[in-house]
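Q: This is the structure I want to talk about, given as structure tokens.
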Amino acid sequence: MGLAGLLTREDPDQLISGDLSAISGEVPGGELTPDPAPGKPAPRTRRKAAMKPAPRSSVPVSRAGMVKDITDEIQMYAQLMAVGISARGDDVCGAALSAQSKEIAAATAVLIARSERLLGLAHSGGLLADITRLLMALWPVATAVRAHHGGKSKEGTTSDSDGLAGFPAYAPSVG
């Protein structure tokens, strides 16, 4: 009798007191391992591999090499952002970001390289990925703000009357 026969029995007590050897043939290997006695830990059948950090290179990286690595990483993330933006239905902005990714990466790397601390943080990994994640999270907000506050005029082009022209120019207050 298989498992289906046990499930269709009319007497539910037979499931508890019945002989389990009837279904042992359906278990891979044909044997059931008994439960451990109460109070004893279950036997360990698997060992977890110890996580070891990747070995650091003993070769020092030059400043120019670090800047090149950062430039390549920024360009990669810009390309990924361009794909994500295009996938959200904005092919124009996605294509523009993709086309400018090399220039954006080079200019951003120059800014990062001005600070030894930023250069070290960006080169050690993770910082640029977190910044990219932040930018992708902000993209829908920027799109909504632009649509609401910087939208197109009736002719289909942007004009000053749609933007900030209705506001007075900023002048710092004295004293």
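Q: Any idea which of ALA144, MET81, SER98 is furthest toward the positive side of the dipole for segment 63-148, if Lys and Arg beta-carbons carry +1 and Asp and Glu beta-carbons -1?
A: Final value for the positive-end residue is ALA144.
Q: Moving on. Please report MET66, MET81, MET76 as a ranked list, fewest other C-beta atoms within 10 angstrom at the top and most at the bottom.
A: With the fewest neighbours first, MET66, MET81, MET76 line up as MET76, MET66, MET81.
Q: Let me ask another. By counting other Cβ atoms within 10 Å of each Cβ, how are ARG114, ARG146 ranked from fewest to most?
A: On the way: ARG114 8, ARG146 11.
Least to most surrounded, the residues fall as ARG114, ARG146.
Q: Which whole-Hz couplings ³J(HN,Hα) result when phi for each residue of segment 129-145 is put into the Karplus expression 6.51 cos²θ - 1.76 cosθ + 1.60, θ = phi - 60°, listed in order with x for Gly and Pro?
A: Per residue, the Karplus-derived 3J(HN,Hα) values read 5, 5, 5, 4, 4, 5, 4, 5, 6, 7, 4, x, 5, 4, 5, 5, 5 Hz.
Q: Simple spin-label model, 7 Å along Cα-to-Cβ: HIS148 to ALA96 in nm?
A: Once both label points are built, they end up 2.1 nm from each other.
Q: At a 10 Å Cβ-Cβ cut-off, how would you order TYR77, TYR170, fewest neighbours first?
A: Taking fewest neighbouring Cβ atoms as first place, the list is TYR170, TYR77.
Q: Still on this model: Would you kindly state how much longer the chain becomes between ALA137 and ARG114 on full extension, computed as 0.36 nm times their sequence separation minus their alpha carbon distance, in nm to one decimal?
A: Full extension from ALA137 to ARG114 adds 5.6 nm.
Q: Along segment 90-98, what does the Karplus equation 6.51 cos²θ - 1.76 cosθ + 1.60 (θ = phi - 60°) give for ³J(HN,Hα), rounded to whole Hz, x for Gly and Pro?
A: Those phi angles translate into 10, 5, 5, 5, x, 5, 5, 5, 4 Hz.
The numbers here are math on the coordinates, done by the rules we state, and not lab data. Given the structure is predicted, the values throughout are model-derived calculations rather than measurements. Neighbour counts are summed over all protein chains in view; Cβ atoms, including those assigned to glycine, are modelled from backbone coordinates with ideal geometry.
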